[in-house]
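See below for the structure under consideration.
The values are calculated or read from the model by the stated rules, or taken from the named source; none is laboratory data. Predicted model only: the values in this text are computed from it and were never measured. Backbone-built Cβ (ideal geometry, glycine too); neighbour counts: all protein chains shown.
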Amino acid sequence: MKKYLRIPQPVEAIQYNGHNDTELRRWSEGNVIGSPVLEPTEDNPTGRYVQIIGGLIGRVGDYIIKDYGNYYAMREKQFLKEFVVAL
């Protein structure tokens with residue numbers, strides 16, 4: 001079986017804190033917008049989330065990532081495992 005290495009690719013990311021909807025909308029050029037509806041769940045007690053074009057969502061604490069012009073959310077724990085701050 002062949003093995004493959006993941007080539008490090010810089011990405012832009014902002015952590016969603018439940019109150020930075022406007023910052024995310026500007027940064028993503030309208031591809032990430034705050035939901036006008038609060039939907040509390042066990043995983044997201046505040047009910048706040050952002051909608052990402054394409055049907056994805058990001059919850060409070062998630063990192064919203066821009067990679068090759070696409071946006072997606074990643075849980076903080078996973079993000080911190082996979083990414084380091086580029087200097």
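Does D62 count as touching a helix residue (DSSP H, G or I) at 6+ places or on another chain (Cβ under 8 Å), acidic (D, E) and under 20 Å from Q9 (Cβ atoms)? Write out each step before concluding.
On the way: touching a helix residue (DSSP H, G or I) at 6+ places or on another chain (Cβ under 8 Å): yes; acidic (D, E): yes; under 20 Å from Q9 (Cβ atoms): yes.
Here the answer is yes, as D62 does meet what is asked.
Restricting to the range 17-57, name every residue that is out of contact with any helix residue (DSSP H, G or I) (no Cβ under 7 Å at 6 or more places or on another chain), of a type in the set (V, I, T) and either within 16 Å of M74 (Cα to Cα) or surrounded by fewer than 10 Cβ atoms within 10 Å (Cβ to Cβ) (or both). Talk me through it step by step, then tell me what you get.
The first filter runs over the range 17-57 and keeps only residues out of contact with any helix residue (DSSP H, G or I) (no Cβ under 7 Å at 6 or more places or on another chain), leaving 17-31, 35-49, 51-57.
Now narrow it down to the ones that are of a type in the set (V, I, T): 22, 37, 41, 46, 52-53, 57.
Of everything in the range 17-57, those that are out of contact with any helix residue (DSSP H, G or I) (no Cβ under 7 Å at 6 or more places or on another chain), of a type in the set (V, I, T) and either within 16 Å of M74 (Cα to Cα) or surrounded by fewer than 10 Cβ atoms within 10 Å (Cβ to Cβ) (or both) turn out to be V37, I52, I53, I57.
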Q: Select from the range 35-51 the residues that are over 12 Å from G61 (Cα atoms) and either modelled with pLDDT of 95 or more or polar (S, T, N, Q) (or both) and list them in ascending order.
A: S35, T41, Q51
Q | Failed item, numbered, when E76 is tested on (1) without any contact (Cβ under 8 Å) to a residue 12 or more places away in the chain; (2) touching an Asp or Glu at 6+ places or on another chain (Cβ under 7 Å) | A | (1)
